[in-house]
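Asker: Below: one structure in structure tokens.
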Amino acid sequence: MMDNKWIPVTEELPPNGQKVLTYSPSTPWWFSYDREHCAVVGFYSVAHGAWLFPTNNRNASIEPTHWMPLPEAPEGKEE
């Protein structure tokens, strides 16, 4: 099992393009019903020098303060 702990972006960024779970206290309303506890999957792009978040219509203006690796998928067959 992976020991997932929040990593401050001021200390370390994830590998370029790797999807991670991000946390930002300033996440826009359309990403969450609970602004104080919002974590969003995204990735850091060295080429853009910015965090990117897949959405249906645009990238959000999210500036994460922390990130952590995604957990591994559950074992077993997909239904």
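The values are calculated or read from the model by the stated rules, or taken from the named source; none is laboratory data. These numbers come from a predicted model, not from an experiment.
Asker: Taking region 35-53 on its own, how many of its residues are modelled with pLDDT of 75 or more and either part of a loop (DSSP other than H, G, I, E, B) or farther than 16 Å from Asn16 by Cα (or both)?
Answerer: 7
Asker: Follow-up. Consider region 1-34. How many of its residues are at pLDDT 90 or above and among the aromatic types (Phe, Trp, Tyr)?
Answerer: The number of residues fulfilling the criteria is 1.
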